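S.K.: Here it is, the structure, as structure tokens.
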Amino acid sequence: MFVKTGHRAPALTGALAIFAGALTLVNAARVTAATMEEPQVSIQPRVTRATHSDIRVDTNLVLIAVSVTDRENQPVVGLASDRFRVFEGKTEQRVRQVFREDAPVSVGIVLDTSGSMKRNLPKEREAVVEFLKNANPDDEFFLVSFNNTSELAVPFTADSDVIQSRLNNLGEYKGKTALLDATYLALHHMKDARNPRKALLVISDGGDNHSRYSEAEIRRFVRESDVWIYAIGIYAEGPQMLPEEERGGEKLLTDIAEETGGRQFPVYDARELPSLAAKIGLQLRNQYVLAYSPVKTEDDGKYRRVQVKLMEGRALRLSWRPGYYAR
């Protein structure tokens, strides 16, 4: 998240609401997310409305949401602030503060209902149920399903039971795979989100063979969004005689997810879906936020690449949004 001098910024919930006494943080600004899960990013210096009053911000601030997980994809908590290092380009930045929060999230669930997913239907539905078990009372959700076309099956709702009920009435699993179109629809609907923190959970067997949007268009749209994407890709083991566009399914999901700071989790046995979805839900709830004032402060509209590292220690995986536009 990025808060620009002289702008008004709305307060976030929890620890983000007050930073250094006079700083209300925005969940949508220069954020590069990393491990421990859950993205908070905003491409533009943005200002939010404080709960009780507007606060004048006098500091350039970049907030990076970082997800840290172990080899079992479990969130890692309790890391000291001096374990983190942040770089813009090749220049190291001084991390001013590290904190954690569990603020409400707006989540879009994007389900593949093409013919190739029919055999995975029961576990796909079970995975969504497990994911929703980690929801907070102030979270909100919507559901997009796709095959030949994409459909907003359930608009934003705070009632997860509505999502679960609709899962049983998605119609017949058939047709081709318009994954990119579904991603666009979900990101577009996310503009109506009421929470600063936003994420998509995509469950698909990868590949795209029926979208109007190109991968380049979606990646550009994703880069300029403030939404984290987590994808679960379901694949068959061993060599498969698949069409060319479907053979690249795993790379497609990986590229789209990592552009946002999220991850793609490959699965070769549908029975693993529910437990993995539950872990993703926990990652969204256990995220570090790193705050720093960038050495370079010009608003030149250029894309600033950001890298987050941990000081030496046990092998952990970090996830974060790889950059932001300085504007």
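The values are calculated or read from the model by the stated rules, or taken from the named source; none is laboratory data. Predicted model, so just to flag it, every value in this text is computed and none were measured. Reconstructed Cβ throughout: ideal geometry from the backbone, glycine too, with neighbour counts over all protein chains shown.
S.K.: Checking T177 against (1) hydroxyl-bearing (S, T, Y); (2) at pLDDT below 95; (3) surrounded by fewer than 20 Cβ atoms within 10 Å (Cβ to Cβ), which test does it fail?
M.R.: Answer for T177: the failing condition is (3).
S.K.: Tell me which of these G108 doesn't satisfy, since it passes every other one: (1) of a type outside the set (D, E, K, R); (2) in contact with a Ser or Thr (Cβ under 7 Å, 6 or more places away or on another chain); (3) not in a loop (DSSP other than H, G, I, E, B).
M.R.: Condition not satisfied by G108: (2).
S.K.: Hey, among D159, D138, which residue is in contact (Cβ under 8 Å) with a residue 12 or more places away in the chain, farther than 21 Å from K279 by Cβ, surrounded by fewer than 18 Cβ atoms within 10 Å (Cβ to Cβ) and not assigned by TED's automatic domain parsing to the domain that holds V295?
M.R.: That would be D138, the only listed residue that is in contact (Cβ under 8 Å) with a residue 12 or more places away in the chain, farther than 21 Å from K279 by Cβ, surrounded by fewer than 18 Cβ atoms within 10 Å (Cβ to Cβ) and not assigned by TED's automatic domain parsing to the domain that holds V295.
S.K.: Residue by residue through the stretch 267-287, note down the ones that are under 16 Å from V66 (Cβ atoms) and at pLDDT 95 or above.
M.R.: I280
S.K.: From the set of residues in the stretch 281-327 that are of a type in the set (A, V, I, L, M, F, W, C) and part of a loop (DSSP other than H, G, I, E, B), which is surrounded by the most Cβ atoms within 10 Å (Cβ to Cβ)?
M.R.: The selected residue is W320.
S.K.: State whether the residues of the stretch 231-254 include one that is without any contact (Cβ under 8 Å) to a residue 40 or more places away in the chain, assigned by TED's automatic domain parsing to the domain that holds L121 and at positive phi.
M.R.: Taking the stretch 231-254 first, the residues without any contact (Cβ under 8 Å) to a residue 40 or more places away in the chain are 231, 233, 235-245, 251, 254.
Remaining after also requiring assigned by TED's automatic domain parsing to the domain that holds L121: 231, 233, 235-245, 251, 254.
So of that shortlist, the ones also at positive phi come out as 238.
Checked against the condition, which is being without any contact (Cβ under 8 Å) to a residue 40 or more places away in the chain, assigned by TED's automatic domain parsing to the domain that holds L121 and at positive phi, the stretch 231-254 yields at least one hit.
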